[in-house]
Amino acid sequence: MNILILGSGGREHALAWAIRQNPKCDRLFVAPGNAGMGDVARCVELDIMSAPAVIGFCEEASVDLVVIGPEAPLAAGVSDALADARIKVFGPSAAAARLEASKAFTKEICDACGAPTAAWARFDDAEAARGYIRAQGAPIVVKADGLAAGKGVTVAMTVPEALEAVDRALGGEFGEAGAEVVIEEFMQGEEASFFVLSDGTHCLPIGSAQDHKRVGDGDTGPNTGGMGAYSPAPVLTPALQEQVMARIVRPTIAEMARCGTPFQGVLYVGLMIHGGEARLVEYNVRFGDPECQVLMMRLGAQVLDLILACTDGQLDNARVNWAEDHALTVVLAAKGYPGSYEKGSVIGGLDDLPDDGFRKVFHAGTASKDGRIVAVGGRVLAATARGDSLAQARERAYALAQAIDWPEGFYRRDIGWRALAR
Ligand code: AMP
Ligand code: GLY
């Protein structure tokens, strides 16, 4: 079959790399893709937010399946339009994508199905929000309701900080996304992510991961999209995973179906774990980036069979063949990220890197210029490896990162510390 992946990051390179390995995959396209994907797919220029453009390409290139990487086209209804055009699509409808696109919607679903999460309230009136914050005290968490490119959440350690976050959101800093705020109880604990496929009715866990959101070693400095990740996350024991499935995931999937908006795709379950109990922090309706890189390293070719089980409503018959291994990815970012950074610096040393099923450098913000690879984004590469142990995966991933010749880039030196300390 011919397959089109929408997106251009490390996540989509990893998806393409894994799907390419499956013999069911004939032609593979990524739109718009990046400079590193040519090894496994053909990159095509397409406006992925435009359903007519995507459908037009699918008809022209006889695409049988579309896999949607990022949340924006999902929230904009590209999955719905493809389904209406009778093109197989992996990724939820706009109505189901509200699990990521509206924090208040997710909280309402949690309340309706009894999924444990932080106590919360929603406000579109600043005075009422301020009164609530003063009554609750700090620490407290203020969130813009809608999609705010990862910048809409303030974990406020003091009441003035929380009040300022309300003023910024309701004052228009995030546009429509901040027209309403959700104010939440601060949850203590260790964060981990859990990934579950759903065909709308059934669900199947496909692995756990932990991300490193802060830019600097020792989890210091500003938040980023993620500077590295590993899978599995040892904090999510088999017993906790079963608890999360029973109390959070299955009730959510059932509630979404009951509301007439079944969720088909991958559910990214962000959890806070404390005292042997897991509570929901957030849902995303897509793979994480860079969590996807470590999941694809571990799943490999079978991910296409699992995706097809979702699109065909057959997930109850699907199984994951688990390799008892570990994967770790180190993100190489442009100096200055997540603030401002230079574009156009040349990256060397990429041609001689091992690429053997255990080690792979996925591209994110790269482009080709005059036959060379140049950096054009904040997060630029993801040096990814698997091994029999997390320590071995880490050693291999760091050996890859070190072999890349890019003086204008940097990476964290401590990816995996939390799990290795355990
Ligand atoms: P979200 O976009 O909802 O995942 O929030 C981004 C980050 O803020 C999370 O990954 C957590 O680190 C933190 N966070 C969000 N909600 C809470 C909460 N209720 N308590 C503590 N930390 C939170
Ligand atoms: N790495 C976090 C995310 O993809 O949302």
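The values are calculated or read from the model by the stated rules, or taken from the named source; none is laboratory data. What you see is a predicted model, and the numbers here were worked out from it, not measured in a lab. Quick reminder, even Gly has a Cβ in these numbers, built from the backbone with ideal geometry, and neighbours come from all protein chains shown. Please note that ligands, DNA and RNA were not included when accessible areas were found on the heavy atoms of the full protein model with its side chains. Shrake-Rupley method; radii C 1.70, N 1.55, O 1.52, S 1.80 Å.
For the reader, a short list of remarks on this structure follows.
- Every listed requirement among (1) away from ligand 2 (no atom under 16 Å from the Cβ); (2) open to solvent by less than 40 Å² (accessible area, probe 1.4 Å); (3) within 30 Å of Asp305 (Cβ to Cβ) is met by His202 save one, (2).
- Qualifying residue in the stretch 316-325 (condition: part of a loop (DSSP other than H, G, I, E, B) and open to solvent by less than 20 Å² (accessible area, probe 1.4 Å)): yes
- Residue list for the stretch 154-171, restricted to those being crowded, with 18+ Cβ neighbours inside 10 Å and not in a helix (DSSP H, G or I): Thr154, Ala156
- Filter result (in contact (Cβ under 8 Å) with a residue 60 or more places away in the chain and out of contact with any helix residue (DSSP H, G or I) (no Cβ under 7 Å at 6 or more places or on another chain)) within the stretch 356-373: Gly365, Thr366, Ala367, Ser368, Ile373
- The residues on offer are Glu255, Glu242, Glu277, and the sole one that is under 21 Å from Arg418 (Cβ atoms) and modelled with pLDDT of 95 or more is Glu277.
- Residues of the stretch 247-264 satisfying the condition of being among the hydroxyl-bearing types (Ser, Thr, Tyr) and closer than 16 Å to Phe194 by Cα: Thr252
- Of residues in the stretch 1-43 being among the hydrophobic types (A, V, I, L, M, F, W, C) and assigned to a loop (DSSP other than H, G, I, E, B), the one surrounded by the most Cβ atoms within 10 Å (Cβ to Cβ): Ala41
- Matching residues, the stretch 250-282, being part of a helix (DSSP H, G or I) and without any contact (Cβ under 8 Å) to a residue 60 or more places away in the chain: Arg250, Ile253, Ala257, Arg258
- Residue satisfying all of: in the stretch 326-365; of a type in the set (Ser, Thr, Tyr) and in contact with a Gly (Cβ under 9 Å, 6 or more places away or on another chain); surrounded by the most Cβ atoms within 10 Å (Cβ to Cβ) among these: Thr329
- Per the listing Leu299, Leu280, the residue uniquely among the aliphatic types (A, V, I, L, M), within 17 Å of the chain's Cα centre (by Cα) and over 30 Å from Val374 (Cα atoms) is Leu280.
- Filtered residue count, the stretch 144-161, keeping only those that are away from ligand 1 (no atom under 12 Å from the Cβ) and hydrophobic (A, V, I, L, M, F, W, C): 1
- Taking the conditions (1) open to solvent by 40 Å² or more (accessible area, probe 1.4 Å); (2) under 30 Å from Phe358 (Cα atoms) in turn, Pro222 satisfies each one other than (2).
- For beta carbons closer than 7 Å, sequence separation of 6+ or different chains, a first residue in the stretch 96-111 that is more than 19 Å from Ala179 (Cα to Cα) and a second that is open to solvent by 10 Å² or more (accessible area, probe 1.4 Å) and polar (S, T, N, Q), the qualifying pairs are Ala96/Thr261; Cys110/Thr117.
- Qualifying residue in the stretch 248-266 (condition: within 16 Å of ligand 2 (Cβ to nearest atom), of a type outside the set (Ser, Thr, Tyr) and surrounded by 15 or more Cβ atoms within 10 Å (Cβ to Cβ)): yes
- Considering (1) assigned to a loop (DSSP other than H, G, I, E, B); (2) farther than 14 Å from Ala35 by Cα, the lone condition that Gly344 does not fulfil carries the number (2).
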